[in-house]
Amino acid sequence: MVDLKLRAAPLIASALLGGCTLLDDGKRQFPTAEEAIAASFKTTDSAWRQRLVQDETQRLCSKAHDRPDKATAERIEKMNLAMKIAYPQSGTLVGDWKRGEVLAQSGYGLRVGDTAPNRPTGGNCYACHRLQARELSYGTLGPSLLGYGKMRGNSEAVVKYTYDKIWNAQAFSACSSMPRFGHNGILTPAQIADLVALLVDPASPVNQ
Ligand code: HEC
């Protein structure tokens, strides 16, 4: 075991130093971590490369190590609240909870190596939330959403908040680790409506 660690040590050290190789004149090859990451990112797909560019929200959150002071948090939430939200063409924000459950379970999409372009991107909600009692495998980075609709009801205000929250979590909680699913084009409006249904529909397993 010790031997293994010792052998791995130079590898780890060189991997860590990889991003800050010193040039002959003693200057760093990549002055910032962002530049090192961009240089090691081989794809030329512009949509992927664009994902390396931080927007103002991410920049402010990185600067604050995701712990913004009150004024910065308010600025971030206000900025995100003012951003455009698209609603489903169906006109209803509550879709089909059964489709929502499939989405909540699926972590497919937006990963290097995904091979089925027509397979819908998932929401991966269980990675961070408990949603139904029967599911034993869930993450705890986010609060439990078990009984969400049972506790809050499904009034227009609750439904709209839930939709808008999934669309852009940072409009309500600056520097949240929850992805901005609609804002960043991860999920479509119709998919988000299905997730709203999963949370608020009395028949959904979330509310049993
Ligand atoms: C990477 C972790 C992560 C993922 C994935 C994630 N969330 Fe969250 N979520 C959080 C965290 C952390 C919070 C609490 C902070 C906040 O409100 O943003 C939260 C909060 C929420 C809230 C607000 C709860 C309240 O009390 O008002 C809702 C609703 C929600 N998430 C739904 C979802 C749904 C639906 C999905 C899947 C599409 C999802 N989340 C995926 C981390 C995550």
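Diffusion coefficient of region 149-195 by Stokes-Einstein, Kirkwood radius over Cα pairs, 20 °C, 1.002 mPa s: 194 µm²/s.
Over the Cα atoms of region 24-114, the radius of gyration divided by the Kirkwood radius equals 1.09; this is the Rg/Rh ratio.
Provide the per residue accessible area, probe 1.4 Å, for the chain, rounded to a whole number of square angstrom. Walk me through the numbers on the way to the answer.
On the way: 13420 Å² over 208 residues.
On a per-residue basis, 65 Å².
Here region 83-207 exposes an accessible surface that is 56 percent carbon and sulfur, computed with a 1.4 Å probe and the other protein chains kept in place. Taking the helices alone, the chain has a mean residue ellipticity at 222 nm of -12000 deg cm²/dmol, built from -39,500 (n - 2.57) per DSSP H run of at least 4 residues and averaged over all its residues.
May I ask you to work out the translational diffusion coefficient for region 83-207 at 20 °C, viscosity 1.002 mPa s, via Stokes-Einstein with Rh from the Kirkwood sum over Cα pairs, reported in whole µm²/s? Write down the numbers at each step before the final one.
Details: Rh = 14.6 Å.
The diffusion coefficient I find is 147 µm²/s.
Given R₀ = 30 Å, what would the calculated FRET efficiency be for ALA133 paired with LYS160, taking r from the Cβ atoms and rounding to 0.05? Efficiency for this residue pair is about 0.65. On the beta carbon distance between ALA203 and ALA82, with R0 = 41 Å, the FRET formula returns roughly 0.70. Placing unit charges on the Cβ atoms only, positive for Lys and Arg and negative for Asp and Glu, gives the chain a dipole magnitude near 180 debye about its Cα centre. For the chain, the longest principal axis of the C-alpha atoms and the axis of helix 189-200 are separated by about 60°. In the chain, the longest principal axis of the Cα atoms and the axis of helix 156-167 are about 20 degrees apart.
Since only ALA39, PRO120, GLN29 are under comparison, the one whose Cα sits farthest along the positive direction of the charge dipole of the chain, derived from C-beta charges on Lys, Arg, Asp and Glu, is PRO120.
The values are calculated or read from the model by the stated rules, or taken from the named source; none is laboratory data. Predicted, not measured: the structure shown is a model, and the values here were computed from it. Cβ atoms come from the backbone with ideal geometry, glycine included; neighbour counts cover every protein chain shown. Protein only, heavy atoms only, side chains kept; ligands, DNA and RNA dropped before computing areas. Shrake-Rupley method; radii C 1.70, N 1.55, O 1.52, S 1.80 Å.
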